[in-house]
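What follows draws every value from the coordinates through simple rules; no lab data is involved. Fair warning: this is a prediction, and the values are worked out from it, not measured in the lab. As a convention, Cβ positions derive from the backbone with ideal geometry for all residues, glycine included, and neighbour counts pool all protein chains shown.
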Amino acid sequence: MTPKTQLRLYAVIVLTAVMVFLALPGRSEPVFAADEAKAMALMECETGALIAGKNADERLPMASTTKIMTALVVLENCRTDEQVFVPDEAVGVEGSSIYLRNNERISVEDLLYGLMLASGNDAAVALAVHVGGSTEGFAALMNKRAEELGLENTHFVTPNGLNDPEHYTTARELCMIAREAIKNDAFRRIVSTKYHRTQSGEYERTFKNKNSLLWSFDGAFGVKTGYTMAAGRCLVFGAERDGMTLVGALLNCRPMFGTASELLETAFDTYEKTVVVEKDSVIMRAEVENSDESVLEIAAKDSIIALLKKDAAQAFDVKTELYGPIAAPIKAGQTLGRLRVFSSGELIGETELAAHADVRERGITWWFRLLFKRMAA
């Protein structure tokens with residue numbers, strides 16, 4: 001085998017390594033209380049890992065948990081200080097209400113508080129007409145956003161969740177919506193507020209958050225309750241402890257607050273986030289063609305984080321692949337390959353591999369040195 005062939009083989013080598021985290025012997029699988037729920041899902045936000053689920057992909061009505069998407073679409077399409085003139089269709093809407101009056105002028109922000117704390121169905125309609133021109137136009141925006149999030153089992157008809165056979169989602173996809181929504185600072189601030197007082201003209205209102213977890217569970221920050229006869233009691237909930245953020249969804253669950261507390265407590269007690277691969281860490285070295293510098297360090301572009309049981313040993317297969325021969329010139333940060341991490345055959349994370357430094361192409365000085373060396377020989 002020629003030296004050049006050896007260099008090329010080394011450059012495109014696929015490295016497989018096994019990293020084992022040694023810990024205490026693993027304990028038994030955690031038991032998540034969800035017997036009372038028709039469907040349930042619990043998700044870690046940074047990794048998107050589903051910690052627990054029950055009928056997590058079954059299409060079901062979701063009542064006022066719909067308003068999570070309503071609030072997200074509103075916040076992404078208008079300013080919170082915009083003023084809304086309450087339209088006729090937002091007055092006297094059935095179900096939960098903040099008792100809007102026709103032609104009342106109220107800010108988007110106050111309507112959002114009325115939407116998420118008091119679960120105002122009328123606030124949902126007022127916001128939908130303001131942003132989408134009509135409830136139908138706003139539902140189209142909601143469905144477009146659902147498509148962008150990759151939701152395959154979610155469809156919106158109303159901005160408030162009043163019953164319709166074509167209005168549905170799943171426990172898993174509700175978690176995905178909440179995971180996206182809490183990235184918005186205004187959304188997270190609103191849903192974590194216990195009380196909000198508003199004054200619009202002569203009308204003064206005080207909203208109390210219906211989510212009792214804000215008072216009873218350490219680290220809770222929301223998200224939304226819901227109820228209709230068709231959907232039963234529904235809850236999307238979230239909490240953060242020790243740098244780990246969880247969101248969960250319960251559909252048709254009578255003891256929803258107690259169940260949510262048990263799910264969260266068990267998950268926080270059982271799991272932790274672990275950095276498997278650190279951003280910018282050197283993963284491998286490769287020979288460089290056409291350069292004075294013969295070896296290049298190749299690093300991970302981003303961190304790979306896994307959700308692990310606190311008391312369990314864990315093994316990973318780390319596989320790297322270079323896209324082709326490594327030849328100068330190369331810029332630091334240039335993508336050269338991909339790294340994937342597997343556990344028990346399942347992909348748990350991946351990131352690009354990048355050059356750790358610039359590498360210059362061989363100059364004329366190198367060729368003169370080579371010429372003199374051969375002449376001397």
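What to note about this one:
- Dimensionless Rg over Rh [the range 39-254; C-alpha; Kirkwood]: 0.94
- Integer Hz, Karplus 6.51/-1.76/1.60 couplings in order for the range 298-303, x for Gly and Pro: 10, 10, 6, 6, 9, 6
- For residue 300, net neighbour charge (Lys/Arg +1, Asp/Glu -1) across residues whose Cβ lies under 12 Å away: -2
- Average projection area in nm² (convex hull over Cα atoms of the range 167-326, one quarter of hull surface): 16.2
- Only the Cβ atoms of Lys and Arg (+1) and of Asp and Glu (-1) were treated as charged; on that basis the dipole of the range 139-223 about its Cα centre amounts to roughly 420 debye.
- Charge context of residue 85, other residues only, Cβ under 14 angstrom, K/R +1, D/E -1: -4
- The order of 131, 125, going from fewest to most other C-beta atoms within 10 Å of their C-beta, is 131, 125.
- On Cα atoms only, tilt of 364-376 relative to the major axis of the chain in degrees: 30
- When the Cα positions of 157, 93, 223 are compared along the charge dipole of the chain, 223 comes out farthest toward the positive end, with charges on each C-beta of Lys, Arg, Asp and Glu.
- What the Cα atoms of the range 243-300 give is an Rg and a Dmax of 22.9, 70 Å.
- Subset of 67/273; 38/224; 273/319; 67/210 violating a 19 Å alpha-carbon distance limit: 67/273; 273/319
- Evaluated over the chain, the Cα radius of gyration and Dmax, each in Å: 27.3, 99
- Summing Cβ point charges (Lys, Arg +1; Asp, Glu -1) relative to the Cα centre of the chain gives a dipole of roughly 960 debye.
- Dipole check for the range 210-312: with +1 at the C-beta of Lys and Arg, -1 at the C-beta of Asp and Glu, and the Cα centre as origin, the magnitude is about 1080 Debye.
- Helical runs assigned H by DSSP (4 residues or longer) give the chain a calculated mean residue ellipticity at 222 nm of -8500 deg cm²/dmol, each run adding -39500 (n - 2.57) before division by the residue total.
- If you plug the beta carbon distance of residue 94 and residue 47 into 1/(1 + (r/R0)^6) with R0 = 45 Å, you get a FRET efficiency near 0.65.
- Stokes-Einstein diffusion coefficient of the range 97-225, Kirkwood radius over Cα pairs, 37 °C, 0.692 mPa s, in µm²/s: 211
- Whole-number D in µm² s⁻¹ for the range 259-350, Kirkwood Cα-pair radius fed into Stokes-Einstein, 4 °C, 1.567 mPa s: 83
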